[in-house]
Amino acid sequence: MALSRADVEKVSLLARLQLGPAELDRLTGELGRIVDFVEQLSELETREIAPLAHALDVANVFADDVVKPSLPRDEALANAPKRDDECYRVPAVLGE
Amino acid sequence: MGSVSTSATRLRDDLAAGRISSVEATRACLDRIHQVDGRVQAFLRVDAEGAMAAAADVDRRRSQGLPVGLLAGVPIALKDILCTRGQPTTCGSKMLERFVPPYDATVVRKLREADAVILGKVNLDEFAMGGSTENSAYFPTRNPWDLERVPGGSSGGSAACVAAEMAPWSIGTDTGGSIRQPAALCGITGLKPTYGRVSRFGLVAFASSLDQAGPMTHSAEDAALLLEAIAGHDPLDATSADVPAPRYTAELDKPLDGLRLGLVRDHYGAGLSSEVEAAVREAVRIFESLGARTVDISLPHSKYGIATYYVIAPCEASSNLARYDGVHFGYRTDEPSMLAELEAERRAALASSGDSARAEAAVAAIDSPLVRLYRRTRAEGFGPEVKRRVMLGTYALSAGYYDAYYLKALKVRRLIRNDYDAAFENVDLIIGPTTPAAAYRLGEKANDPLAMYLEDLYTVTANLAGVPGISIPCGSTAAGLPIGLQLQAPAFQESRLLRAAHRFQRVTDWHLRRPDLS
Amino acid sequence: MSDKVSNPTSTPTHTPASNAGSDAAGNSASNSASTAPYELVIGLEVHVQLATQSKLFCRCSTRFGAEPNTQTCPVCIGLPGALPVMNREAYQLALRTALALHCEIPAFTKWDRKNYYYPDLPKGYQISQFDLPMSRNGWLEIRDPKGEFAPKRVRITRAHLEEDAGKSMHDEVAGRADSRIDLNRTGTPLLEIVSEPDLRSPREAKAYLTELRLLLVYLGVSDCNMQEGSLRVDANVNLHIATPEGTIATPIVEVKNVNSFRAVERALAFEAERQYEAWLETGQRKGDVPKQTRGWDDQRQITYGQRHKEESSDYRYFPDPDLAPVTITVEQVERIRAGLGELPAATRTRLESDYQLPAYDADVIVNQESAFVAYYLAVADGCGDGKQAANWLTQEVLRLMNERNWTIGQFPVPASGLVELLAAVKSGKAPATRAKELFGAMVDGSLALDAAMERLGIAAVSSSEIESLCRQLLADNPRIVADVKSGKAQAAASLIGQAKKRNPNVNPNDVRATCLKLIEQM
Ligand SMILES: [Zn+2]
C-alpha cells in the first residue's frame, strides 16, 4: 500500500501537526519506507490468532469509590501555558 | 572516589558502617559531574542543593540512631521521564521544557522512601523515542568510552552517567530496548523487568503496553538491590502485577547447576558483527564452564519483532502524546503570530482565486484558530523522530488501516509471545547479543530512521512478550568499545536473570572496566 | 427537570397520530396533514452520570457546582505519567442498569481510547468502549396509559461505561475572546445507553426517556438531573418516505445536547418537518451526504447545522493499554440481577393485579419516585383499600406535592398518619365530610390526627351525645316524626342538616340511624 503525499497531509491534520512542504515530502518518503517494511507482517497467516493488547494477563483491577483530596487549584493550573485565576484559556472554541 | 565508583552495594554498606557519609559520597558524585559532564553531557539538570540536603538529612538520622531506608544515602540519577514533584521533568522535549509535575512517580516515591539521594535528571531521546540520545531536544549525550560515539538510547544519559562514574547507578526505562541497549553500548548492567513488575505511575508514557522502568548499574548485584527498592504492586497502576516481589539480593548466590541456556538460532544472522558474535560465544562458553547446559532454540517469529514493534509502539505513542496540545500544560505556540499567519492565509486565499465560491472554499479549508494552535504547538514542540512516530501511529490507527496494521501487529505479538512460552518449556534463560554491533558514531544513522529501528532487533521481542531481560558487559571490540550480552527469562523470573548475571560477573571483570576520562 | 413530580394530565396537549394504527409522526408542526406522508425514525443516545462519590478513573469528587478546577488531579488533568484505575462502584452501577434494561452481559469487556482533540478533553482521548461493550441487546418497554401509542419494546443496542469531558465556557458577547476550560467534570462516570431506531414519534421518544429516567432513579444509579447535566440526550433522526419506487430513507441527522424532555419532543417534531421539506427540495437520501450534526436552539425552537469537519469522525479507537479488561461469570451476573429489586414495570403490574388499580392510576403512582410507591403501599396495606389509597395519593398527596414543590420524602404526613385518618373516618371517629380538611390541617401543621382534630375543633361525638341530640331534634320536629312514622323514611334527611348545624362533628349516618331507631321506639 503506497503512502501518498495526500495521505500524509491528511494524517498530519488528524495528528494535529503542521507540516511544511519540505517536511511533507520528507515524511512521505520516510513513512512510505517504514510502512513498506511493516508490510512483511502480511506474510503471516493470523486469522485464528487472538490479538494480544496487554503483555500482562490481568483483569478486574478496580479502586474503591472513596474521595481523596484533589490538587489545590493553583497547583492544578500551575503548568498551564495560559490561564486566569480559575480556568485554562484557549482560543474560542465556538463552532468547533 | 573508590567506593562510590565500584559498587553501589558496597557504598551502601560503607555508609551503613560509617566508613563514609552520604554527604561525602554525594559531594564526590557532584565533583565528578562537574569534572566530566561537560564532555559526556549526561545530565539535563543537577540538583546539587536538593541532593546535599537529602544526604545531610540521612547522615543526621543515621547519627541519631533513627531508622533509615534500604538505599540510605546512596546517590542516584533519574531518567528525565520519571515525574519528580516540584522538579522539572522534560522528557528530553521542548514540549515539556517548563513542566513541573505536582507529584512524584511511584518509582521516585519508593526511592525517596528508601532514602536514596537524587542527584538530578539525565538525558534521553525525546519521549524515549530513539536509540542514541541524539533525539534529545537539548543536546546529545556522548559515550564515555568514545566521546564521538553515541551512548545508545533512549536511556543514554542514565547509561553514560553510570559508565562515567558520575552516579553509582541510575534508573532508565525500556520500551524496546532502551535500558539494555545503552547499557550494552556503555559497558554497564541494565535490567528491564517483567512488564508490570515496576509501577508505571508517573513514568511519562511512550508506549504504555511496553514501557518498564528498571535499574542501570555496574553489576547484577547492584541491579538486584535497586530492583528490590522499586519493584512491587502499585494500586495506582492498573497494569502493575499483584505478585509479591522477592528479596532479589537474598537470592543472588543460589547455585546455577543444571541451568539450561537457550541459544537462539535466529540471532546469528546477517547484521550481527563478528566481534559481538565472538564475545557472546565466549560468554556462552563461560556459562558452560559454570555448569550451564546450552540448548539450541528457535523464536521463529522474532524476525517480525521490529515490524510488530514499529506498529504497536507508534500507535500507542500517537495517542499518549495527544495530550501535548498547548492547553493544559507544556509548550504553546505564540498566539499573535499564529493569528497573523491565519490572517495572511485568509487574504492569500481570497486574492488567489477569481470566483467567490472557490475563494470561500479555500478560506473554509484554513484551520480554525484552535486547530492551528494545536498544530503549531505540536509542530514546534516535538522533534522529528517524535513527529515521525506520531504520524506513523496516527496513520496505522486511522480508518481503513487499523486491521491491516494495528490489529495485525497485536496478533503477531501473540505469536511472538507464544514463541517465548514454547522456548521456556525447554530452557531456563535465553542468551544472545544485546545489540548487533557496538556503539556507532554520532550522526551516523541520524538520516536513516529504518536503519536505526533495526538496531532494536534483539531487544524489542522481550517488550512485546512482557518478559524480563538484562544486558551485562561481556567483551570489548578491538577499538575498546563495550559489548553487551543479553539474558532473558520467563515473566517474573528476574531472580534467575540476576543470579546468572551475578555468577558470570564473579568470574569475569568486564563489568569492572571503566572508560578513561582523565 | 421541573416535571419530576408531575401529574400526567399536565403533559402538553399534543396532536395524536392522525389515524389509528398509523406510525405517522404525531408532531404538532404537521397537524394540517391528515396523515404525515412519511414515517419518522428515531434512535436515542442517552448519557447518564452515575451516582458515584469519586470519578471514574481517579478519586476526585464528582460533586456538582464546585468552583472551577478545584476537583482535579494529575489523572483527570491528564498530566504526563498519570494513570487511570477503574472505579468499582461505577462499574457496578453500570452493570445494574444494563441488567435492568434486560441487556446481555458478555463475559469479557474492555476499555478503548476514542482519540480526538478538544480543550475540555485533556488527554486528547476519551476512555470509552468500542467493539466489546459491557452490555448489549436489551430492551425497555414503553406504554401510554392514554393509548396514544401501542405498548412497545424499544431495543437497546448497547450500554457502555465511559468518562465525561470537562466544560468549555465561552462568552459570546466577547466575540473572539478566549474560551475558559473547567475540568471539574472531566472523568465523571457516564453510562451511554444507545437505543435502536425503534421510536416512531416525538411522543414515543418522550415516553422512552421518561421510562428510562424512572428506571435509573429507581435503581439509584443516577439523579438524572438534566439541569446539572446528569442526563443528556442526543437523537438520531431520519424519515422513511413512501414513494412510487418504494420506501426511501432520508439522510440521518444527529440532534445533539437537547436539554429537556420537552425540548426533545419539539426538536424531533421540528426535524420531521425540516427533513421532509429538505427531501422535497433536494431529494437527498441516506448515504448521499455524511451524517449531519445539528444543535437545538431552545429560544428559537429550531435546530441548526453545526460545523463539521470530515476528518473529525476518525476516532482511531484502540484498546486502552493502561486499563485491564473486566471479566464476569454467569453466577456473578445472576447475583446482581437477583439484587435489583422490583423495577417500575413490575410494580405497575403488581398494583394492577394485587391492588385492583386501573392502569392509569398504577402508572401515575409508579411514575413518581420509588419512595412514593412505598408510601402508597403503606397506605393501601394499612387501610385495606387499594383504590381508596390511590385516590388519596393521586389527588390529595400529589396535588400538595406539586403545589408546594415537595418530594414525598419532604411530605409532612407519613403514610401511617394517612392510614390513621382513613381508619378514623371509617370508624366514625372523624367525619368523612371533613376528611380532606383534616388532612390539610395535618399537612399544614405537620400534625398527628388528634392534634389536627383539636386544631379544627373536631371532637369525636359519642353515641350518648348523638342520642341526646337526636331526642332533642325529634322533640323539636313532631311533624317529621309523624312523616317518618307514616312510612316516609326519607323525611329524616332534613334532621341531619339540623343536627350538623348544632354539632358539625356528628356523622350523618349515625344521626340518621339513631333518629330512625328512636322514632321506631316511640
Ligand atoms: Zn482527578
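The values are calculated or read from the model by the stated rules, or taken from the named source; none is laboratory data. None of these values were measured; they are calculated from a predicted model. Cβ: placed from backbone, ideal geometry, glycine included. Neighbour counts: every protein chain shown. The area values use the complete protein model at the heavy-atom level, side chains included, leaving out ligands, DNA and RNA. Shrake-Rupley method; radii C 1.70, N 1.55, O 1.52, S 1.80 Å.
Are there any residues in segment B:221-260 with a reduction of at least 50 Å² in accessible surface when going from the isolated chain to the assembly of protein chains? Probe 1.4 Å, please list them by number.
Those are B:238, B:239, which lose 50 Å² or more relative to the chain on its own.
Send over the semi-axes of segment C:109-179's equivalent ellipsoid, whole angstrom and largest first, taken as the square roots of 5 times the C-alpha gyration tensor eigenvalues.
Each semi-axis is √(5λ); the values are 36, 23, 7 Å.
How large, in Å, is segment B:325-381 by the Kirkwood hydrodynamic radius built from its alpha-carbon pairs?
Numbers: mean 1/r = 0.0824 Å⁻¹.
After inverting the mean inverse Cα-Cα distance, the result is 12.1 Å.
Treat segment C:340-456 as a sphere of radius equal to its Kirkwood radius over Cα pairs and apply Stokes-Einstein at 10 °C in a medium of 1.306 mPa s; give the translational diffusion coefficient in µm²/s, rounded to a whole number.
In µm²/s, the coefficient is 110.
Would you mind classifying segment B:250-319 by shape? Square roots of the alpha carbon gyration tensor eigenvalues, ordered a ≥ b ≥ c; an a/c under 1.5 is rounded, otherwise it is prolate if a/b is larger than b/c and oblate if not.
prolate
Given the protein assembly as shown, report the % of alpha carbon pairs whose separation exceeds 62 Å. Please report the intermediate quantities before stating the final value.
Details: 166419 of 644680 pairs.
Of all Cα-Cα pairs in the protein assembly as shown, 26 percent lie more than 62 Å apart.
With n ≥ 4 as the cut-off for DSSP H runs, can you work out [θ] at 222 nm for chain B, using -39500 (n - 2.57) per run divided by the number of residues, rounded to the nearest 500?
After summing the helix terms and dividing by residue count, I get -13000 deg cm²/dmol.
List, by residue number, every residue in segment C:38-69 with a reduction of 10 Å² or greater in accessible area between the chain on its own and the complete protein assembly, 1.4 Å probe.
C:53, C:54, C:59, C:60, C:61, C:67, C:68, C:69
Heavy-atom accessible surface, probe 1.4 Å, ligands and DNA/RNA ignored: which residues of segment C:92-132 lose at least 40 Å² versus the isolated chain?
Residues losing area: C:117, C:118, C:119, C:122.
Counting only protein heavy atoms and a 1.4 Å probe, tell me what percentage of chain B's accessible area is made up of carbon and sulfur.
On the way: 8030 of 16020 Å².
Carbon and sulfur atoms account for 50 percent of the accessible area of chain B.
Please sort by residue number the GluC sites (Glu not before Pro) in segment C:438-501 whose DSSP state is loop and whose Cβ has at most 15 other Cβ atoms within 10 Å. Show your work: numbers first, answer last.
Working: sites: C:454, C:465, C:467; in loops: none.
Loop-located and lightly packed - none at all.
Report the rotationally averaged projected area of segment C:463-521 based on its alpha-carbon convex hull, in square nanometres.
3.4 nm²
Considering the dipole of the protein assembly as shown built from charges on the beta carbon (Lys and Arg +1, Asp and Glu -1) around the Cα centre, which of B:483, B:365, C:103 is farthest to its positive end?
Result: C:103, furthest along the dipole toward the positive end.
Could you tell me what fraction of 2.2 N^0.38 Å the Cα radius of gyration of segment A:16-78 comes to, as a two-decimal ratio?
2.12
Cross-link candidates for residue B:408: which lysines have Cα within less than 27 Å, leaving aside residues fewer than 8 places away along the same chain?
Residue B:408 reaches A:10, B:192, B:303, B:387, C:110, C:114, C:123.
Ignoring any ligand, DNA or RNA, what whole percent of the accessible area of chain C comes from carbon and sulfur when the probe is 1.4 angstrom?
49 percent
If you average 1/r over every pair of different alpha-carbon atoms in chain C and take one over that average, what Kirkwood value in Å do you get?
It works out to 27.2 Å.
Which order, highest average first, do C:435-447, B:204-216, B:166-178, B:472-484 follow once you tally other Cβ atoms within 10 Å for each residue and take the mean per peptide?
Result, highest mean first: B:166-178, B:204-216, B:472-484, C:435-447.
Where a ≥ b ≥ c are the square roots of the eigenvalues of the C-alpha gyration tensor, would you call segment B:465-518 rounded, which needs a/c under 1.5, or, failing that, prolate if a/b is larger than b/c, or oblate?
Here segment B:465-518 falls in the prolate category.
Using the Cα centre of segment B:325-381 as the reference point, and only Cβ charges (+1 on K/R, -1 on D/E), how large is the resulting charge dipole? Debye, rounded to the nearest 20. List each step's numbers first, then the result.
Numbers: 8 positive and 10 negative charges, 19 e Å.
Dipole size: approximately 100 debye.
In square angstrom, rounded to the nearest 10, how much accessible surface does residue B:68 have for a 1.4 Å probe?
Solvent-accessible area, nearest 10 Å²: 50 Å².
Leaving out ligands and nucleic acids, and using a 1.4 Å probe, what accessible area per residue does segment B:325-381 come to in Å²? Please report the intermediate quantities before stating the final value.
Values: 2500 Å² over 57 residues.
For segment B:325-381, the solvent-accessible area averages 44 Å² per residue.
How big a patch of accessible area, both sides summed and in Å² to the nearest 100, lies buried between C and A at a 1.4 Å probe?
It comes to approximately 3800 Å² buried between C and A.
If you place +1 on the Cβ of every Lys and Arg, -1 on the Cβ of every Asp and Glu, and leave all else neutral, what size is the dipole of segment C:23-330 about its Cα centre, to the nearest 20 Debye?
Rounded to the nearest 20 debye, it is 500 debye.
Under the rule of -39500 (n - 2.57) per DSSP H run of 4 or more residues, summed and divided by the residues of chain C, what mean residue ellipticity at 222 nm is obtained, to the nearest 500 deg cm²/dmol?
-11000 deg cm²/dmol
Please label the shape of segment C:23-330 as rounded, prolate or oblate, based on the square roots a ≥ b ≥ c of the eigenvalues of the alpha-carbon gyration tensor (a/c under 1.5 means rounded; beyond that, a/b larger than b/c means prolate, else oblate).
Cα axes put segment C:23-330 in the prolate bin.
Once B and C are treated as a pair rather than alone, how much accessible area drops out, both sides summed, in Å² to 100, probe 1.4 Å?
2900 Å²
For the pair B and A, how large is the buried accessible area, both sides, in square angstrom to the nearest 100, if the probe is 1.4 Å? List each step's numbers first, then the result.
Numbers: alone 19890 and 9560 Å², together 23930 Å².
In total, chains B and A hide about 5500 Å² from solvent.
Dividing the convex hull volume of the Cα atoms of segment C:389-522 by its residue count, what figure in Å³ per residue is obtained?
112 Å³
Give, in whole angstrom and from largest to smallest, the semi-axes √(5λ) of the equivalent ellipsoid of segment B:377-518, with λ running over the eigenvalues of the Cα gyration tensor.
Gyration-tensor ellipsoid for segment B:377-518: 32, 25, 12 Å.
Taking loop as defined by DSSP and a crowding limit of 13 other beta carbons within 10 Å, which GluC sites (Glu not before Pro) in segment A:2-46 fit?
Here the sparse-neighbourhood loop sites are A:45.
Using a 1.4 angstrom probe, figure out how much accessible area segment C:132-254 has per residue, in square angstrom, rounded to the nearest whole.
Using a 1.4 Å probe on heavy atoms only, each residue of segment C:132-254 averages 35 Å².
Starting at the first residue of segment C:94-99, write each ³J(HN,Hα) from the Karplus equation 6.51 cos²θ - 1.76 cosθ + 1.60 with θ = phi - 60°, in whole Hz, x for Gly and Pro.
With coefficients 6.51, -1.76 and 1.60, one gets 5, 5, 4, 5, 4, 5 Hz.
Mind listing the Cα extents of chain B along all three principal axes, in Å, largest one first?
84, 56, 45
Please report the relative contact order for segment C:340-456, taking Cα pairs under 8 Å with a sequence separation of at least 6, and give it as a percent rounded to a whole number.
About 18 percent, as a whole number.
Treating cross-link reach as a plain straight distance, find the lysines whose alpha-carbon is under 16 Å from the alpha-carbon of residue C:291, omitting any fewer than eight places away in the same chain.
Straight-line reach from residue C:291, under 16 Å: C:256, C:309.
Using the alpha-carbon centroid of each, what span in Å lies between segment C:281-357 and segment C:474-504?
Cα centres, segment C:281-357 to segment C:474-504: 69 Å.
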